[in-house]
Amino acid sequence: MAVNKNAYQRYLIIDRVIRSKRFMATRERLLDELAAELLIISDSQLSKDIAYMQTHKQAPILFDRKKGGYVYTDPDYSFEHNAITEDDKWVLDFANATMNAYGNANLVLHFDGLVNKLVTGSSKQKSKLSPEKSYIAVESANNNGGYQHLYLLYRSIIERKTVTIIYQPFQKEERKHTLSPYLLKQYRNRWYVIGYSTEKKSTLVFALDRINELKPSKTTYFTDTRFDTEQYFKHSFGATHRYDLQPEKVRLWFNKINKDYILSQPLHHSQKIIEQTDDHAVVELEVLLTWELKAMIYSYSSGIKVLAPKHLQEEIAGELRKAIQQYAS
């Protein structure tokens, strides 16, 4: 329902009077305050305004008979802070439902409270739009995915502040890094932070689920002039970047079953269609030959064939022969 300017101004004044600590929001006081702002309305219009605020803005207005005036049952409520449309509320609720995939991370809980505050005017009052059960199914998040680190890392990036992390790669000992974070990246339901390690004197990629401890640091923030957000992952397939590798042109053949998926959802932004028939497709990528690329190739089993480069073809074929031997033994 559209609200004209005068009506909106009346709602703000009614809200201000109800929240006032100096006097009780009697009907006479409300009408007088409105008249002082040249918004003269009838007693019946005041009733309609209050009803609108209760119905359309979930304003927790109650007439206190003992005090003889209107009060908010939730002292944190503010009409001005709740001035968003019904469409806005649905968008916020959708975003909130999507973020719930990351469990009870601090950032998610904070966002949930923020949505409730925007929709209802109070972080304590639950949005009426939120259904009892979820109607959005997203890829399940790992409960130990390091999502609790997202908030501090994001703020540190924006505010250009360093952090100290205790990082433990798989099958290795813990290591301490003083990190100047630059970028957060998600790949296959796992989050990574890219930043400059003072100890390693290099910009590296760290998986959030391998960070055992994270805290702010007072070390001066360092800017790696070689790092460029767009260029850093330009040739990466996944979240791995290595300065010691150069991108190579990888040509892949896909069978009839898989070709339509690859053509409709490219594997990489560099993907080019080299050949396309009813039975197969050949595409070319310009990427670094990292483990993520090889894992993707293995995942297609007999539905894919590496055509180039030759050394990658031989490596993949060798690993597949080993796999066959494992099943044969």
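The values are calculated or read from the model by the stated rules, or taken from the named source; none is laboratory data. If you're wondering where the values come from, they're calculated on a predicted model, not measured in any experiment. Virtual Cβ from ideal backbone geometry, glycine too; neighbours counted across all protein chains shown.
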Inset, instruction - Taking LEU285 as the residue in question, decide whether it is over 30 Å from PRO181 (Cβ atoms), free of Cβ contacts under 8 Å to residues at least 60 places away in the same chain and surrounded by 11 or more Cβ atoms within 10 Å (Cβ to Cβ). - result: no
Inset, instruction - Identify, by number, the condition in (1) at pLDDT 90 or above; (2) crowded, with 17+ Cβ neighbours inside 10 Å that LEU118 doesn't meet. - result: (1)
Inset, instruction - Could you please give the count of residues in the range 72-114 that are surrounded by fewer than 16 Cβ atoms within 10 Å (Cβ to Cβ), of a type in the set (Val, Ile, Thr) and either at pLDDT 75 or above or closer than 22 Å to ARG190 by Cβ (or both)? - result: 3
Legend entry - Neighbours by Cβ (under 8 Å, 6+ apart or cross-chain): first from the range 57-70, within 18 Å of ARG10 (Cβ to Cβ); second surrounded by fewer than 19 Cβ atoms within 10 Å (Cβ to Cβ) and among the acidic types (Asp, Glu): TYR70/ASP64
Legend entry - Given (1) out of contact with any Phe, Trp or Tyr (no Cβ under 6 Å at 6 or more places or on another chain); (2) assigned to a helix (DSSP H, G or I); (3) touching a residue at least 12 places away in the same chain (Cβ under 8 Å), number of the condition SER47 does not satisfy: (3)
Inset, instruction - From (1) charged (D, E, K, R); (2) surrounded by fewer than 19 Cβ atoms within 10 Å (Cβ to Cβ); (3) modelled with pLDDT of 95 or more, pick out the condition that doesn't hold for LYS259. - result: (2)
Inset, instruction - Using the structure shown, decide if TYR182 is at pLDDT below 95 and under 23 Å from the mean Cα position of the chain (by Cα). - result: no
Inset, instruction - Exactly one condition in (1) surrounded by fewer than 18 Cβ atoms within 10 Å (Cβ to Cβ); (2) closer than 28 Å to TYR154 by Cα; (3) not hydrophobic (A, V, I, L, M, F, W, C) is not met by TYR182; state its number. - result: (1)
Inset, instruction - Tell me, please, whether a residue that is at pLDDT 80 or above and either over 30 Å from ARG27 (Cβ atoms) or surrounded by 16 or more Cβ atoms within 10 Å (Cβ to Cβ) (or both) can be found in the range 133-145. - result: no
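Only one of these is in the same structural domain as HIS177 (by TED's automatic domain parsing), assigned to a loop (DSSP other than H, G, I, E, B), more than 23 Å from the chain's Cα centre (by Cα) and of a type in the set (Phe, Trp, Tyr): TYR243, TYR221. Name it. Don't jump to the end; show me each part of the working.
Values: TYR243 fails: in the same structural domain as HIS177 (by TED's automatic domain parsing).
TYR221 is the lone residue from the list that is in the same structural domain as HIS177 (by TED's automatic domain parsing), assigned to a loop (DSSP other than H, G, I, E, B), more than 23 Å from the chain's Cα centre (by Cα) and of a type in the set (Phe, Trp, Tyr).
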Inset, instruction - Give the residue that is surrounded by the most Cβ atoms within 10 Å (Cβ to Cβ), with candidates limited to residues of the range 188-212 that are touching a Ser or Thr at 6+ places or on another chain (Cβ under 8 Å) and in a strand (DSSP E or B). - result: GLY195
Inset, instruction - Just one of (1) surrounded by 13 or more Cβ atoms within 10 Å (Cβ to Cβ); (2) modelled with pLDDT of 85 or more; (3) assigned to a loop (DSSP other than H, G, I, E, B) trips up ILE40, so point out which. - result: (1)
Inset, instruction - Kindly provide the set of residues from the range 300-329 that are free of Cβ contacts under 8 Å to residues at least 40 places away in the same chain and among the aromatic types (Phe, Trp, Tyr), ordered by number. - result: TYR327
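Can you report the number of residues in the range 201-214 which are touching a strand residue (DSSP E or B) at 6+ places or on another chain (Cβ under 9 Å), free of Cβ contacts under 8 Å to residues at least 60 places away in the same chain and more than 19 Å from PHE233 (Cβ to Cβ)? I'd like the intermediate steps shown before the answer.
Of the range 201-214, the ones touching a strand residue (DSSP E or B) at 6+ places or on another chain (Cβ under 9 Å) are 202-214.
Add one more test, that the residue is free of Cβ contacts under 8 Å to residues at least 60 places away in the same chain, and what stays is 202-206, 212-213.
Adding the requirement that they be more than 19 Å from PHE233 (Cβ to Cβ) leaves 212-213.
Going through the range 201-214 one residue at a time, the tally reaches 2.
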Inset, instruction - Would you mind stating whether ILE166 is surrounded by fewer than 19 Cβ atoms within 10 Å (Cβ to Cβ) and in a strand (DSSP E or B)? - result: yes
Legend entry - Residues (farther than 23 Å from ASP244 by Cβ and charged (D, E, K, R)) located in the range 285-307: LYS305
Inset, instruction - Mind counting the residues in the range 288-312 that are of a type in the set (S, T, N, Q) and buried (at least 16 other Cβ atoms within 10 Å of the Cβ)? - result: 1
Inset, instruction - Name, by its number, the condition in (1) farther than 23 Å from LEU289 by Cα; (2) touching a His at 6+ places or on another chain (Cβ under 9 Å) that does not hold for LYS215. - result: (2)
